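Before any comments, here is the structure.
Values quoted throughout were computed directly from the atomic coordinates according to the rules given, and no laboratory measurement underlies them. Please read all numbers here as calculations on a predicted model, not as lab measurements. For neighbour counting, all protein chains shown are included, and Cβ atoms are generated from backbone atoms with ideal geometry for every residue, glycine included.
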Amino acid sequence: MALISPHITASAVAAVEYPDLVRQYRVTGVPKTVVNDRVEILGAVPEASFVSQVLAVDG
Amino acid sequence: MHADAGGAVNLETALAALGAPVRLVFFTQTFDCETCLPARQIVNRVASLSDQISVEEFNIVLDTDQVEAYGIRRVPAIAVVGEADTGIRFYGVPDGHELVSLVESIQLVASGDSGLSDESQALIAAVEQPIDIQVFVTPT
């Protein structure tokens, strides 16, 4: 998604190395995706569902 | 593909056919960063597998211009940069599955092809507000 849009950044965060972030975002399992610090997506989900959930944060 | 020695051939194969240059912009820290050294070793090893991959290294404390330009928040960090910055970042040591993800990101950036469906691409291209995606992962 970051590749397509100049407005999108995407980070992979190694959970075990950043316990402060794990606490901040209440990461209890991986993968866990956090969009703009507020939308959460748990687990691996199909592409179309993932894209629509991420874009739901826009506007 | 794995980070062990047996996976080296696969990594090399995966990176042999890169069609465009990719820069790995690596951010480190001199003190209080146990994972920066192993991360650097992996970055340099990946770069050694292709003439198309180069490495730039910056210090998160000293190189504030680059830290700001790439929006880096912690170390170790890797920005995967092609002709332009794609906004793809890896935080932590990229081993195990993360090494696979890093290599795939390099391939994506070099090819410019996200591999997503036409429908997804159209939706994503219409984005006008900043979206920051953080995916928490583990190496196994």
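What to note about this one:
- Of all residues in the range B:67-93, those satisfying the criterion of being more than 18 Å from A:Pro6 (Cα to Cα) and not β-branched (Val, Ile, Thr) are B:Arg73, B:Arg74, B:Pro76, B:Ala77, B:Tyr91, B:Gly92.
- The single residue among B:Glu56, B:Glu68, B:Glu104, B:Glu83 that is loosely packed, with under 15 Cβ neighbours inside 10 Å, more than 7 Å from every other protein chain (Cβ to nearest Cβ) and within 23 Å of A:Gln24 (Cα to Cα) turns out to be B:Glu68.
- Unmet requirement for B:Val25, which otherwise passes all of (1) surrounded by fewer than 16 Cβ atoms within 10 Å (Cβ to Cβ); (2) under 23 Å from B:Gly112 (Cα atoms): (1)
- Consider the range B:113-131 and keep the residues that are facing chain A (nearest Cβ under 7 Å) and in a loop (DSSP other than H, G, I, E, B). The one that is nearest to B:Val22 (Cα to Cα) is B:Ser114.
- Matching residues in the range B:86-100 - criterion: being at the interface with chain A (Cβ under 9 Å from one of its Cβ atoms), under 19 Å from B:Cys36 (Cβ atoms) and of a type in the set (Gly, Ala, Ser): B:Gly92
- Given (1) within 7 Å of chain B (Cβ to nearest Cβ); (2) more than 13 Å from B:Gln129 (Cα to Cα); (3) buried (at least 17 other Cβ atoms within 10 Å of the Cβ); (4) without any contact (Cβ under 8 Å) to a residue 40 or more places away in the chain, index of the condition A:Glu47 fails: (3)
- Which listed residue, of A:Val54, A:Val39, A:Val30, is touching a residue at least 40 places away in the same chain (Cβ under 8 Å), surrounded by 11 or more Cβ atoms within 10 Å (Cβ to Cβ) and either under 11 Å from the mean Cα position of the chain (by Cα) or more than 10 Å from every other protein chain (Cβ to nearest Cβ) (or both): A:Val54
- Pairs with Cβ under 8 Å, 6+ apart, first in the range A:2-20 and closer than 14 Å to B:Gly87 by Cα and within 7 Å of chain B (Cβ to nearest Cβ), second in a loop (DSSP other than H, G, I, E, B) and of a type in the set (Val, Ile, Thr): A:Ser5/B:Val127; A:His7/B:Val127; A:Ile8/B:Val127
- Residues located in the range B:30-60, provided they are out of contact with any Leu (no Cβ under 9 Å at 6 or more places or on another chain) and either small (Gly, Ala, Ser) or closer than 20 Å to B:Ala17 by Cβ (or both): B:Ala39, B:Ser48
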